[in-house]
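Below: the structure, in structure tokens.
The values are calculated or read from the model by the stated rules, or taken from the named source; none is laboratory data. Quantities reported herein were computed from a predicted structural model and do not represent experimental measurements. Cβ coordinates were reconstructed from backbone atoms using ideal geometry, including for glycine residues, and neighbour counts include every protein chain displayed.
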């Protein structure tokens, strides 16, 4: 994956619009969403105005508050649905704070239960999610290169290339890339 594959300004604006619409649809104030997500009211306002792009952790907190997987949220931001999605057309999002790069190789849809993500985490970087966005969601992780420590509900798993990890998420998770090289993995999410 290249450095040029970052969230476009247009996608940031669409994400901001979707976040504002989700809050509005649920009748939440910024204060109520701040309490539910653990994010500050000011940060939420900046996300909804597309002044800044949320980090992976912030999106995880928002998804938990809304009961959505991150992939479902990103699929809501994408326009339309196509069966054949060329690599150049697959949505990519980068968290510049952690170097986390997330390419949606096969987005979920209204009639599709699974989503396929191609992920990369910079050497030594860590992403922690305090809770499952969608409790019970099935995850299948296939390690492609580098090493990755994944902690699921308090259980540690050290992954090498070729290793796989399968789990139903119910609590917190943490991903830590090894220090030698970026951790690259495929993640398949199946809605409960």
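Within segment 128-147, how many residues turn out to be touching a strand residue (DSSP E or B) at 6+ places or on another chain (Cβ under 7 Å) and over 16 Å from residue 71 (Cα atoms)?
7
Kindly establish whether residue 188 is closer than 20 Å to residue 92 by Cα and touching a residue at least 24 places away in the same chain (Cβ under 8 Å). Spell out the reasoning first.
Working: closer than 20 Å to residue 92 by Cα: yes; touching a residue at least 24 places away in the same chain (Cβ under 8 Å): yes.
Against the criterion (closer than 20 Å to residue 92 by Cα and touching a residue at least 24 places away in the same chain (Cβ under 8 Å)), residue 188 qualifies.
State all residues of segment 148-174 that are in contact (Cβ under 8 Å) with a residue 40 or more places away in the chain and part of a strand (DSSP E or B); if no residue qualifies, say none.
Passing the criteria: 173, 174.
Which one of the conditions (1) loosely packed, with under 12 Cβ neighbours inside 10 Å; (2) at pLDDT 90 or above does residue 10 fail to meet, given that it meets all the rest?
Failed condition: (2).
Quick test for you: out of 69, 106, pick the one residue that is modelled with pLDDT of 85 or more and within 27 Å of residue 25 (Cβ to Cβ).
Answer to the selection: 106.
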